[in-house]
Amino acid sequence: MPKHASSNAAPAGDGNIAIREEYEAAIVLDTVAAYDLFIARHPYHELAAKARQRRDVLLRNVDQDGAPDGEER
């Protein structure tokens, strides 16, 4: 194994890792916009359903300023 390669590195073709990282980034931001972006980029991925669920929760929990929780107007 070359010195620059890590033994625990994911295979180069494993796109699911990148998608999961994007989903985790959306969770960290926890905004409608972050989930919308994830859903737009990966509409048929299994995590899109979870992103839609969380997005719907945020949309139901509207702040007094009319913006979804975690977002400002």
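Remark: pairs (first residue in segment 43-59, under 12 Å from Asp30 (Cα atoms); second residue in a loop (DSSP other than H, G, I, E, B) and among the small types (Gly, Ala, Ser); Cβ separation under 7 Å; 6+ apart in sequence or on different chains) = Leu58/Gly70.
The residues listed here are Tyr35, Tyr44; of these, the one that is surrounded by fewer than 11 Cβ atoms within 10 Å (Cβ to Cβ), of a type in the set (Ser, Thr, Tyr), modelled with pLDDT of 95 or more and under 17 Å from the mean Cα position of the chain (by Cα) is Tyr44.
The values are calculated or read from the model by the stated rules, or taken from the named source; none is laboratory data. Only a predicted model underlies this, so the values are computations on that prediction, with no experimental measurement involved. Glycine gets a Cβ as well: all are built from the backbone with ideal geometry, and neighbour counts include every protein chain shown.
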